[in-house]
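Novice: One structure coming up, written as structure tokens, with questions to follow.
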Amino acid sequence: MAANSGATPGQGVDAHGNPVIDPTANVVAILVAAVNRIDDLRDAAVKRQDDLRQMEAESLRREAEMRRVYDEQLREAESKRIDAIRAVDVGAVNRAAEVAATQAATLATQVAVSAETLRNQVQAAATASTIALNAALDPVQKAIDDLRKAQYEAQGQRAQVVDARGASGNVLAWIGGAVGLLGIAIATISIVLSQAGR
């Protein structure tokens, strides 16, 4: 032991006498492999997060596109619905205008027919009144003509008759007769006019 005190130790051996291998190189290799594996795992995790972010962005983009398309379809459907409602309203207004025009034309025709009928009735009534008035006035006119004739004859006879009393009595009688005939004529005319007015 004293002889070996200054000497370097030799290679170590294990319990079986086999030389011992220094584990440092193996440990370093294992550690390097572990660090590389950790780097690979870290890179994989970063890539996974990048992929997730990209997938999320893609998903949001697709969702936004779907919303845009769906909103556009909704707008088109709403526009078509409103156009259909407007078309129905325009159709109803047009139909109401057609009905009103038809009613106005029918009413105008009825008014024209009524006016023509009334005009014909008034004309017929006027003609009948004229005929009735002429028929009623003919006897009165004849009576007046007879009265004038009698008056002229009476005047001629009066010139021949000297008796003033008798002549004046005849004139008074003729005047009374004429007044009576005139009263009958007026009564007849008013009766005819009242019947024609009905």
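The values are calculated or read from the model by the stated rules, or taken from the named source; none is laboratory data. All values reported here derive from a predicted model rather than from experimental measurement. Here the Cβ is made from the backbone with ideal geometry for all residues, glycine too, and neighbour counts use every protein chain on show.
Novice: How about region 110-140: which of its residues are surrounded by 11 or more Cβ atoms within 10 Å (Cβ to Cβ) and under 23 Å from LEU181 (Cβ atoms)?
Specialist: SER129, THR130, ILE131, ALA132, LEU133, ASN134, ALA135, ALA136, LEU137, PRO139, VAL140
Novice: Turning to a different aspect of this structure: Report yes if GLU153 is of a type in the set (Asp, Glu), in a helix (DSSP H, G or I) and within 41 Å of the chain's Cα centre (by Cα), otherwise no.
Specialist: no
Novice: Among the listed residues ARG198, ARG148, identify the single one that is loosely packed, with under 15 Cβ neighbours inside 10 Å, basic (Lys, Arg) and at pLDDT 75 or above.
Specialist: ARG148
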